[in-house]
Every structure is written in C-alpha cells, then in structure tokens.
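Chemist: Right, I'll just put the structure down here and ask away after.
Only the coordinates and a few stated rules stand behind these numbers; no lab work does. Just so we're clear, the structure is a prediction, and the values are computed from it rather than from any experiment. For neighbour counting, all protein chains shown are included, and Cβ atoms are generated from backbone atoms with ideal geometry for every residue, glycine included.
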Amino acid sequence: MNIFQQKQPLRPMPCFIVGIILVFFVFGVEQLNAQTDSIEQSEPTESVEPISPEDKQREKDQKVTAAFYMLGMIAFVGVVFIIFVMLWGVRMRRIARASLPKQSIQAEHWHLKPKKEIPNGETPGSE
C-alpha cells in the first residue's frame, strides 16, 4: 500500500483555510505598503514641529492595533496548524489500521536451513 496514493479527493476545508490565511497575509502586506508609501510621500518640513499629544496617542493606538493583529494571526495560524496535525494523524491512523496485503507463507525456520549449492562455486551476487 502506497501511503502517498490518494484515495479521496482533496477536501475543500483545508484549501479554504489556506485561502483565508493568504487573504489575511496579502491584506496585511497591502496595509503595510500603504503606510510606508504615505510616509515616503510626505514631504519633510524644514522646521521641526513638536509632536502633539494627540499624535502620540494616535501612534500608540496604531502600534497596539498592529500588535493585536499580529497576535491574532499568530494564534489563528497556530490553531490551523494544530487542526492540520489532527487531520494528518487521523489519516495516518487509518492507514496504520488498514490490513496488510497477503504474503506468501515461508517455512518457520527458514534461516536455519543450509544454503543451496550453486554450480561452479560462485556466490550469489558476485560476477
């Protein structure tokens, strides 16, 4: 039995989960690119302006939001990996419990029998 032989078609759920992960990843990358572009496009001012408390609070809120997004994605990916391992374990257990193919019956003490004589005194495997 070949363990790589697929008896069932692909299930849509793992494909859906991978698609969701890719969507979140692309969305996160696009957000980062948009923020980076807006920072790069803003023209530097000649004079240094003091940062207002509202700007500090907004920046802090953005950092906290980004941290929670990252934490949520790490937790989500971890749960998805645990689900994949569980599904893989169920599949391996099913394969392990499957009956083995029929084999020919050999003599019980085959290893104790004397070796067969080969003509010309050659040993098996030598050329």
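Chemist: Looking at segment 83-103 only, could you name the residues that are small (Gly, Ala, Ser) and within 23 Å of residue 16 (Cβ to Cβ)?
Modeler: Just the residues of segment 83-103 that are small (Gly, Ala, Ser), to begin with: 89, 96, 98-99.
Residue satisfying the conditions is 89 alone.
Chemist: Now a separate question. Can you name every residue in segment 77-119 that is in contact (Cβ under 8 Å) with a residue 60 or more places away in the chain and more than 25 Å from the chain's Cα centre (by Cα)?
Modeler: Once the filter is applied, which keeps residues that are in contact (Cβ under 8 Å) with a residue 60 or more places away in the chain and more than 25 Å from the chain's Cα centre (by Cα), segment 77-119 yields 98, 100, 101.
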